[in-house]
1. Just the Kirkwood number for segment 1-128, please: inverse of mean 1/r across all distinct Cα pairs, in Å, one decimal.
2. When the C-alpha atoms of the chain are aligned to their principal axes, what extent does each axis show, in angstrom, from largest down?
3. At a temperature of 4 °C and a viscosity of 1.567 mPa s, determine how fast segment 168-250 diffuses translationally according to Stokes-Einstein, using the Kirkwood radius over alpha-carbon pairs as Rh; express D in µm²/s, rounded to the nearest whole number.
4. Per residue of the chain, what 222 nm ellipticity follows from adding -39500 (n - 2.57) for every DSSP H run with n ≥ 4, rounded to the nearest 500?
5. Counting heavy atoms of the protein chains only and a 1.4 Å probe, report the per residue accessible area for segment 145-212 as a whole number of Å².
6. What area, in nm² and to one decimal, does the C-alpha convex hull of segment 64-142 cast on average over all directions?
7. Testing the spin-label approximation: label points 7 Å from Cα along Cα→Cβ at residue 22 and residue 165. State their distance in nm.
8. List the DSSP H helices in the chain whose Cα atoms stretch 18 Å or more along the helix axis and whose mean Kyte-Doolittle hydropathy is at least -1.0.
Amino acid sequence: AKRAGGGRHLRYTAELDAQATVRARAGAELREALEAGQFHLVYQPIVQLPEGRIVSVEALVRWSHPERGFVSPAEFVPIAEETGLIVELGEWILRQACARAVAWHREYGAAAPQRISVNVSARQLAEPGFAGLVAAVLTETGLRPEQLVVELTETAVFDGGQALRTVEALHRRGVRIALDDFGTGHSSLTLLRTVPVDVLKVDKSFVDKVTMAGRHAVIATALIQVSDGLGLQAVAEGVETAEQAEELFRLGYRLAQGYHFGKPVAQPDFTRATRAVRVR
Ligand code: C2E
Ligand code: CA
Ligand code: CA
Ligand code: CA
């Protein structure tokens, strides 16, 4: 740290240095993990209501650390974003997920999921080359653009002009755009006026309380109306019970995802329907 006049400033720069060191170490560790093949993907079904047929899957990254065991993405994805390693890791995830979707189509034909969703972070979207990378991966793997869904959070799309230009380029190419955790951001509805969106992933927080009369249920109802009105698809996230699934179906939701229908696994069973929803 550079020498400072006041003790306070000195401590501050020392702390910043310490933070930078920790971050650099974390970044190096993630890079080694990627090179050592410690990451893998799991896939969670997105089902059509009421039959419970799998129409799509979301790819979710997992890290099995040789000593620490399973590390949650909620822990390492933010570090990968801060250190910039998410760009490399994200490229690996995209390539892996697209190749897997194509392999399923070969193996299962019509029973294979129609689409695959891949989470893309703000940092990746801000890279000027991102739309080009997606195009290259689609060509390489043979996945059609309509079969790929890119899941973005609100903050990612608001991250300056480059992100929006990239989203527009992807959408023009036929790649589907999903807004993740929809309804939790500061300007969810404003985004719908400016960003070309195909899918709204209605956040788990609204789904959790959808069976109880109250604000959350009212918002869940309003969101399906907005989605239908704009001709978008809505996916209810984090459905854990049959009661939630029934209520969501009654409100007009036709796509759902959550432990009730299937946890994220390395190889979902596409040959049979998951739980059907009782129609009242
Ligand atoms: P997300 O994109 O909102 O993903 C949904 C999370 O909810 C996943 O957690 C999933 O396993 C979990 N989930 C699904 N259904 C249920 C349910 O019924 N109940 C409960 N309690 N949870 C459910 P996961 O896999 O731990 O991922 C956490 C977050 O980490 C993701 O949230 C996403 O923001 C990030 N993430 C995961 N994989 C990737 C990736 O490949 N790339 C990027 N950039 N981010 C990722
Ligand atoms: Ca997601
Ligand atoms: Ca989500
Ligand atoms: Ca989330």
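1. Answer for segment 1-128: a Kirkwood hydrodynamic radius of 17.2 Å.
2. 72, 45, 40
3. My calculation gives 98 µm²/s for D.
4. Per the formula, -15000 deg cm²/dmol.
5. Per residue, segment 145-212 has 43 Å² of solvent-accessible surface.
6. Hull-based average projected area comes out at 6.5 nm².
7. Output for this residue pair reads 3.6 nm.
8. Length and hydropathy pass: 7-35, 86-108, 160-173, 215-229.
The values are calculated or read from the model by the stated rules, or taken from the named source; none is laboratory data. What you see is a predicted model, and the numbers here were worked out from it, not measured in a lab. Glycine gets a Cβ as well: all are built from the backbone with ideal geometry, and neighbour counts include every protein chain shown. Each accessible area value is taken on the protein alone, full model and side chains, heavy atoms only, with ligands, DNA and RNA left out. Shrake-Rupley method; radii C 1.70, N 1.55, O 1.52, S 1.80 Å.
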